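The values are calculated or read from the model by the stated rules, or taken from the named source; none is laboratory data. Note that the structure is predicted; figures quoted are calculated from it, not measured. Heads up, the Cβs are rebuilt from the backbone with ideal geometry, glycines too, and the neighbour counts pull from every protein chain shown. These accessible areas exclude ligands, DNA and RNA; they are computed on the full protein's heavy atoms, side chains included. Shrake-Rupley method; radii C 1.70, N 1.55, O 1.52, S 1.80 Å.
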Amino acid sequence: DYLPAQKDVIHKVIPWDEVSESEGTGMVHIAPGCGKEDFVLGKEFDLKTIAPLDELGIYLPGFDWLSGKDVHDVAEPIIEDLQKRGILYNVEDYTHRYPVCWRCNSELIFRLVDEWFISMDTLRHEITGSAKKVERWIPSYGLAHELDWLKNMANWCISKKRYWGLALPIWKCECGRYTVIGSKKELQQRAVQGWQEFAPHSPHRPWIDKIKIKCDKCGALVSRIPDVGNPWLDAGIVPFSTMRPPDDMHTISNGYPFDKTYWHEWFPADFISESLPGQFRLWFYAILAMSTVLEKKPPFRVLQGYASMNDEHGEEMHKSKGNAIWSDEAAEKIGADVMRWMFAKHNPVQNLNFGYGHAKEIKRVLLTLWNVYSFFVTYARIDQFNPVNKEVSETNLRKLDKWILSKLNSLIEQCERAYDNYDLVSVVKGAEKFFDDLSNWYVRRSRKRFWKSENDTDKETAYLVLYECLVKLLRTISPIMPFLTEHMYQNLVAGVNNQNPESIHLCTFPEPAVKRIDTALEQEISMTRTIVSLGRAARNKANTKIRQPLLSMTINVPSGCTELSNDARSTILDELNIKTIKEIGTNALKQVYLFNAVPVFDKIGPKFGKSVNKVAQWIKSLSQEKIEQLIDAGLLEERIQGEMIEISKEDVEIRKTEVPGASVMIEGDFGVGIDTKLTQDLEYEGLVRELIHKVQLMRKEANFNLVDRVKIFYDTDKKLKDAITENLDYLKRETLAVAVTAGIQTGEIDKVLDVNGIQVKITLQRAKTP
């Protein structure tokens, strides 16, 4: 009380909802000049408000020996002062949460200052109306977030005690009159001092502070208030400051420094996007407030919010933690397109865990596209293929061509809807599925058409189909992946025909050819690929290489899918390297299983009472035929020792094991069983296929061209020699060999190979072309 600043201050006890008798003494100390809650409570009870510190945290005059001291240095001296005056009760240390600057980790203090506010009492309801008129919030709960903020927010503080920032255009006179200047032109008209110094500069400090105006109430010279605007006040004018007309159309229109007729063609904006966590109370709110006041409507039609970006372990990125990744560094290390693809693939309402580990997976996916492009370019150059003035002829299309063109146009249709719906996740996932369709099915199954085809028309058709798929795919995904698609476009399109747009980003979005979409064909190939995938899994399970031919397979399919076209059957057998399909049906896999029936005593005990033991013995003795009858019909009955017994599938646990020499894989209603037993012919063919694979690797290692013919010389045991003799034409055809001869010769490359455990020495000699 002895401090001068405390003169005439009454200290008293007041009630407060936030204090209870169940904690501590039931009393807390408040200082209305040093905390938000204290200040509000002081207003309610008309308490004296004392603000003791200047902007540097130094005690102001009027605080006796404290005046001039830094607030961070006075804790111990205050304790000593209380002790000297004999009123110190106790000293204890407490650990508690304290505000700290997130940039420099300095401890912060609360300080009471005068600020400028926009009253929200009425305006909040008008902004709420504007928010409800927005056509779409993404995610949809964004509107609820915004309305909740508008309902509970206080008046909008629009000033800051800083030097740099948007200078608030408020001139306040000592007489209490204040003037808000609405434009640069108005400021020039009102300025009575400092205009010449200010005119060449932007409206920031220090130049704006040179200007003085005359008070229109008392006539005194008036200076601008020193405050600058809250940055979000500045951000709120984006819809007005960015959609300006060209310079030659800058005319004054209704107070705006540009032609509002032109501006209205672009306002409101079609789309805005910013981070979800904070922008409902910052930028979204600011532009809604500005637009509501100035135009009485929302400034955007669609708003998309997104969550935060963390490191790949889900931790917040901070420079101090050492886990921050700078944008330029990431772009240099993994590529801007990889980053863009990663962002577009992620659901924006969930936090994105960004890191170089996750980028590797994205690169692997995009490499699939690059490999297809590289394949096309390589062979097109060899064959000097030129797509200019050529179109795909419908009469020359194979079923595989029709399928990939259907998938292409389905993708374009899907992506067009997704782009219109601001749904980039669906674009990316659809594109990645098409990468796989194009690479691992169409190109792989069409490969021989490009380098072995004896039919020039068929080869050209394959080129034209793949070319169309690549070019239209690139145009579809170019908004997400602008750099890689541009690189490919320059080589595929712009570099081939200068009549095309010089950049992919000057092309129109591709139109889907609806007549080429064949959903039935897409479903057939999808089912075919599912069966092939299960067949490969069954081979892996049996540890049988795909190059080893097998005799037969059985296919289980859902009801209604039992009819597979001859083309689909042929594809399945070719893909799985199997000779025949034994059976296709909804219960086809029964033949590759041995069934064993086990009684479920919890069911048959109450059901059969004293007869339970003889029923259990009967169940255990059921034949394969009877068990299959129970599976198919769901019921089975038989007279046992003069008593008619009926059981259902619920009374029995049916266990099944694969028959010897079979391998089975099941997924949903689809299943595949393969016969893994080998005959001599199958074993020999498998040996030759393995040999072909290794010879192809030798060709590549020796840098042979794709079309180079070779002579093969070999030395091995009788078994592999017999296998080669029986499959000689196949070996020559697959390796482009003009001759395969037993014996050793010199050549471009020779190696000792292991072919399924058999040693063979191979020499490759480039054959002379005629």
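Worth a mention:
- Test: residue in the range 576-598 that is assigned to a helix (DSSP H, G or I), of a type outside the set (Phe, Trp, Tyr) and farther than 30 Å from Leu622 by Cα: yes
- Screening Ile631, Ile572, Ile666, Ile627 for residues that are out of contact with any Asp or Glu (no Cβ under 7 Å at 6 or more places or on another chain) and without any contact (Cβ under 8 Å) to a residue 40 or more places away in the chain leaves exactly one candidate, Ile627.
- Of all residues in the range 133-142, those being at pLDDT below 95 and in a helix (DSSP H, G or I) number 1.
- The single condition among (1) open to solvent by 80 Å² or more (accessible area, probe 1.4 Å); (2) of a type outside the set (Phe, Trp, Tyr); (3) under 30 Å from Val688 (Cα atoms); (4) in contact with a strand residue (DSSP E or B) (Cβ under 7 Å, 6 or more places away or on another chain) that Glu637 does not meet is (3).
- Checking Pro348 against (1) in contact (Cβ under 8 Å) with a residue 24 or more places away in the chain; (2) part of a helix (DSSP H, G or I), the condition it does not meet: (2)
- Filtering the range 282-309 to residues that are under 22 Å from Asn351 (Cβ atoms) and part of a loop (DSSP other than H, G, I, E, B) leaves Leu282, Ala307, Ser308.
Residue-by-condition table, conditions (1) under 25 Å from Asn152 (Cα atoms); (2) surrounded by 10 or more Cβ atoms within 10 Å (Cβ to Cβ):
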{"residue": "Glu18", "(1), (2)": "yes, no"}
{"residue": "Thr25", "(1), (2)": "no, no"}
{"residue": "Gly57", "(1), (2)": "no, yes"}
{"residue": "Asp70", "(1), (2)": "no, yes"}
{"residue": "Glu76", "(1), (2)": "no, no"}
{"residue": "Asp114", "(1), (2)": "yes, no"}
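- Filter pass, Lys711 being open to solvent by 60 Å² or more (accessible area, probe 1.4 Å) and at pLDDT below 90: no
- Options Ser241, Ser223: the member that is of a type in the set (Ser, Thr, Tyr) and within 24 Å of Tyr178 (Cβ to Cβ): Ser223
- Exactly one residue out of Asp46, Asp93, Asp81 is in a helix (DSSP H, G or I), among the acidic types (Asp, Glu) and over 30 Å from Pro169 (Cα atoms): that is Asp81.
- Among the residues of the range 727-755, the one identified as under 25 Å from Asn543 (Cβ atoms) and open to solvent by 80 Å² or more (accessible area, probe 1.4 Å) is Val752.
- Checked against the criterion of being open to solvent by less than 30 Å² (accessible area, probe 1.4 Å), modelled with pLDDT of 90 or more and over 18 Å from Gly686 (Cβ atoms), the candidates Ala538, Ala568 yield just one match: Ala568.
- Selection count where residues are touching a residue at least 40 places away in the same chain (Cβ under 8 Å) and either more than 16 Å from Ser291 (Cβ to Cβ) or open to solvent by 30 Å² or more (accessible area, probe 1.4 Å) (or both), scope the range 134-144: 5
- Filtered residues of the range 660-683 (kept if within 21 Å of Asn727 (Cα to Cα) and charged (D, E, K, R)): Lys677, Asp681, Glu683
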